[in-house]
1. Using only the Cα atoms of segment 175-265, what are the Rg and Dmax in Å?
2. Just the Cα atoms of the chain, one point each, no solvent: what log10 I(q)/I(0) does Debye give at q = 0.13, 0.16 Å⁻¹?
3. Evaluate the charge dipole of the chain about its Cα centre and quote only its size in Debye, nearest 20, assuming +1 on the Cβ of each Lys and Arg and -1 on the Cβ of each Asp and Glu.
4. Which GluC sites (Glu not before Pro) from segment 203-266 combine a DSSP loop assignment with at most 13 other Cβ atoms within 10 Å?
5. Could you sort out which of Lys36/Lys203; Lys143/Lys245; Lys99/Lys203; Lys170/Lys227; Lys175/Lys221; Lys203/Lys253 sit more than 21 Å apart by Cα distance in this structure?
6. Would you order His217, His93 from fewest to most other beta-carbon atoms within 10 Å of each residue's own beta-carbon?
7. Of Cys9, Cys193, how do they rank once you tally other Cβ atoms within 10 Å and put the fewest first?
8. Please arrange Ser251, Ser134 by how many other C-beta atoms lie within 10 Å of their C-beta, fewest to most.
Amino acid sequence: MKTIAILGCGWLGFPLAQQLITQGYRIKGSTTTPAKLPILEAAGIIPFQITLGADGNEGAITAFLEGVETLLIDIPPKLRGAVKENFVPKIAHLIPEIKSASITNVIFISSTSVYADDNTTVTVTTLAQPETDSGIQLLEAEKLLQNDPGFNTTVVRFAGLIGEDRHPVKFLSGKTGIKDPDAPINLIHQDDCIGILQQIIAKESWNTTFNAAAPHHPSRKEYYTQKAKELQLPLPEFENDVPSKGKTIDSQKVISELGYTFQQRL
């Protein structure tokens, strides 16, 4: 039985772990919250409390990685709020642990924020030119992992994440002066995130990069207005006086190389 470790069993990592268990994988999962340990264990996940820090790791990281063939890293940078963290050193401290454990494959969850909003269609061959602190740090972390010859690394750059309990329209509802009304949306449903990651593992698609966004790109104004109506929420109001900036994420590589069919149209 192959063992997969998921560093970050949160909104995406936890249901992914559950799906992989049904496919016969042995799953180790980490959380930073002690109260979540019994939840992981009840789901059949071998639980570990691990915190990555800019100055080093806390928790049984050696035991977590022992016997693991594939490590999935799903710990986004924490750059919001009053306390901002430096994400890149966390990955730098993790890499020696990965090599010591003789892990073969790494999947790193990144974001399409590594691309600039320059009103173009973005493919995996597009030069990444991040404009935000989060995007800058994610791109640097990608490079640290992919440039290390000690293991295979596949990067998955997800667009905006949505699911049954998570949708940006709930944040935008009733707000005014929202920018970029004509910019295309780039979103992906939790179900498709899980499906794509499963396909990467099944097809052993290593040492590559994928963009992942649903192939449905109406304007922000069109989409969020309609979604607010569907959910009976106050309509968002957009600022139309300034030209919109955005990008369109092309996920053709997911379709052609992984043979993946998107499940959710959004």
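1. Taking only Cα atoms of segment 175-265, I get Rg and Dmax of 16.0, 48 Å.
2. Result of the Debye calculation: -0.89, -1.30.
3. Values: 24 positive and 29 negative charges, 68 e Å.
About 320 debye.
4. On the way: sites: Glu204, Glu222, Glu230, Glu237, Glu239, Glu257; in loops: Glu204, Glu237, Glu239.
For GluC sites (Glu not before Pro) across segment 203-266 that sit outside H, G, I, E and B with at most 13 neighbouring Cβ atoms in 10 Å, the list reads Glu204, Glu239.
5. Working: Lys36/Lys203 31 Å; Lys143/Lys245 27 Å; Lys99/Lys203 23 Å; Lys170/Lys227 9 Å; Lys175/Lys221 12 Å; Lys203/Lys253 14 Å.
Beyond 21 Å: Lys36/Lys203; Lys143/Lys245; Lys99/Lys203.
6. Going from sparsest to densest Cβ surroundings: His93, His217.
7. Working: Cys9 29, Cys193 24.
Taking fewest neighbouring Cβ atoms as first place, the list is Cys193, Cys9.
8. Numbers: Ser251 27, Ser134 19.
If I rank by nearby Cβ atoms, fewest first, I get Ser134, Ser251.
Bear in mind these aren't lab numbers, they're just calculated from the coordinates by the rules spelled out. Only a predicted model underlies this, so the values are computations on that prediction, with no experimental measurement involved. Reconstructed Cβ throughout: ideal geometry from the backbone, glycine too, with neighbour counts over all protein chains shown.
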